[in-house]
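Taking it in order: structure first as structure tokens, then the write-up.
The values are calculated or read from the model by the stated rules, or taken from the named source; none is laboratory data. Predicted model, so just to flag it, every value in this text is computed and none were measured. All Cβ positions, even for glycine, are placed from backbone atoms using ideal geometry, and neighbour counts span all protein chains on display.
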Amino acid sequence: MFFEGSEKKAQIVVKDKQLSLLDDITDDFWTAFVQCCNAQILSSIRNDDCKAFLLSESSLFVWHDRLLILTCGNTRLVHSVEFFIQHIGMDKIKQVIYQRKNEYFSHAQPSSFGDDIKLLGQYVTGKGYRFGELDSHHNYIFHQDNSFQADKLDKTYELLAYQISDRASEKLTTVGLTAQEIRQFLQLDKFFADFTLDDFVFDPFGYSVNAIKGKKYLTIHVTPQANSSYVSIEANINLIKIAADFLAILAPKSFDLLSFNDFDFANLTNEFIPKNYVSKSLVSEHLSNNYFVCFANYILPQQKFMQATVLDLAGENHAL
């Protein structure tokens with residue numbers, strides 16, 4: 001069984017003096033918003049600063065002045081962005097940022113990054129970048145090119161783990177595994193004990209969790225199948241400092257780190273990333289919207305030969 005865990009991501013910042021996304025927008029709007037990319041809301045949690053929706057394909061976070069949405073699988077997130085622009089209006093929007101990562105099965109996706117940006121270009125003038133090598137892990141970022149300037153304290157982090165260990169994959173594909181057991185395996189209580197958590201175990205495999213505390217957020221999405229395993233962790237708390245703990249649990253063969261506005265990225269990665277991982281790609285760029293973006297792809301050099309993967313020639317074409 002194959003599932004595309006790699007997410008598409010969008011962040012939209014609005015003029016909060018004209019509109020509060022948290023107080024002025026109803027849940028019916030958010031339901032329609034996520035349905036535009038073929039996702040559904042499973043549950044939600046809220047505090048005074050943030051509301052987090054757990055989706056059938058990843059997550060949606062809403063603050064007073066912005067939203068963040070991630071969707072995996074074969075979703076077309078750009079359609080949700082288009083819906084938001086059409087219903088809210090560009091006159092109330094300060095900034096649009098759209099991201100896509102390299103996918104396991106990009107040819108099985110209904111659109112490419114280029115297709116998505118052509119659609120967004122009907123509404124937004126922007127700039128596009130690729131962070132990372134084309135023949136390896138990479139991340140595409142498009143952002144609106146206008147007068148918006150991000151606050152230097154607006155920091156976010158992404159840790160994206162690929163090809164997790166057999167031990168982790170077997171644990172996370174155990175039949176009947178509960179959400180509490182996965183929380184314990186990922187040691188979430190160790191780092192996020194004072195966060196409010198909302199999680200869901202998918203059938204037959206897969207796990208998602210949202211966590212919020214004030215304006216702080218964390219989201220983790222697990223696709224544990226051995227042939228296409230992928231775990232994404234995103235937060236606006238410093239994931240680099242706790243990356244070693246997650247890497248010890250998941251033991252991936254490769255992972256990516258992406259940060260927005262961490263100006264100490266190089267020193268932090270040198271200090272906290274285990275030395276058995278080697279950086280294959282290091283990219284940084286100061287965008288015109290004042291986000292300083294850093295990307296690093298790490299690999300675990302292999303010392304032993306492994307067997308070739310036997311293909312199911314009668315199975316899904318995109319798995320060949």
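I need the strands (runs of 3 or more DSSP E) fully contained in region 9-118, keeping only those with at least 1 residues that are under 20 Å from Thr156 (Cα atoms) and of a type in the set (Phe, Trp, Tyr).
Details: elements: 41-46, 50-55, 58-63, 66-71, 93-101.
Passing ranges, in order: 50-55, 58-63, 93-101.
Return the pair list, or none, for Cβ contacts closer than 8 Å from residues in region 176-187 that are free of Cβ contacts under 8 Å to residues at least 40 places away in the same chain to residues that are surrounded by 16 or more Cβ atoms within 10 Å (Cβ to Cβ) and part of a helix (DSSP H, G or I), at least 6 apart or on different chains.
Leu177/Lys171
Looking at Ile45 and the list (1) in contact (Cβ under 8 Å) with a residue 24 or more places away in the chain; (2) surrounded by fewer than 13 Cβ atoms within 10 Å (Cβ to Cβ), which single condition is not satisfied?
(2)
Out of Gly73, Gly114, which single residue is under 22 Å from Asp198 (Cα atoms) and modelled with pLDDT under 95? Let's see the steps before the verdict.
Working: Gly114 fails: under 22 Å from Asp198 (Cα atoms).
It is Gly73.
Kindly indicate which of Lys15, Lys51 is surrounded by fewer than 20 Cβ atoms within 10 Å (Cβ to Cβ) and at pLDDT 95 or above. Working first, answer last.
On the way: Lys51 fails: surrounded by fewer than 20 Cβ atoms within 10 Å (Cβ to Cβ).
After ruling out the rest, the residue left standing is Lys15.
Test Phe191 against the criterion of being under 19 Å from Glu234 (Cβ atoms), under 17 Å from the mean Cα position of the chain (by Cα) and surrounded by fewer than 19 Cβ atoms within 10 Å (Cβ to Cβ), and give yes or no.
Values: under 19 Å from Glu234 (Cβ atoms): yes; under 17 Å from the mean Cα position of the chain (by Cα): no; surrounded by fewer than 19 Cβ atoms within 10 Å (Cβ to Cβ): yes.
So Phe191 fails the test.
Taking region 267-284, which residues are within 18 Å of Ile242 (Cβ to Cβ) and either in contact (Cβ under 8 Å) with a residue 24 or more places away in the chain or among the β-branched types (Val, Ile, Thr) (or both)? Reasoning before the result, please.
Step one: filter region 267-284 for residues within 18 Å of Ile242 (Cβ to Cβ), giving 267-277.
Within region 267-284, Leu268, Thr269, Phe272, Ile273, Pro274, Asn276, Tyr277 qualify.
Here is a yes/no grid of residues against (1) surrounded by fewer than 19 Cβ atoms within 10 Å (Cβ to Cβ); (2) of a type in the set (Phe, Trp, Tyr); (3) modelled with pLDDT under 95; (4) over 17 Å from the mean Cα position of the chain (by Cα):
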site	(1), (2), (3), (4)
Lys213	yes, no, no, yes
Thr223	no, no, yes, no
Asn238	yes, no, no, no
Ala266	yes, no, no, yes
Thr269	no, no, no, yes
Glu285	yes, no, no, yes
Phe295	no, yes, no, no
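Taking strands (runs of 3 or more DSSP E) that fall entirely within region 205-320, which contain at least 2 residues that are of a type in the set (A, V, I, L, M) and under 21 Å from Phe185 (Cα atoms)? Steps first, please.
Values: elements: 207-213, 216-223, 230-235, 254-260, 278-286, 292-299.
Correct list: 207-213, 216-223, 230-235.
It is to be established whether one or more residues within region 147-156 are of a type in the set (Gly, Ala, Ser), surrounded by fewer than 20 Cβ atoms within 10 Å (Cβ to Cβ), within 28 Å of Leu68 (Cα to Cα) and without any contact (Cβ under 8 Å) to a residue 24 or more places away in the chain.
Within region 147-156, one or more residues are of a type in the set (Gly, Ala, Ser), surrounded by fewer than 20 Cβ atoms within 10 Å (Cβ to Cβ), within 28 Å of Leu68 (Cα to Cα) and without any contact (Cβ under 8 Å) to a residue 24 or more places away in the chain.
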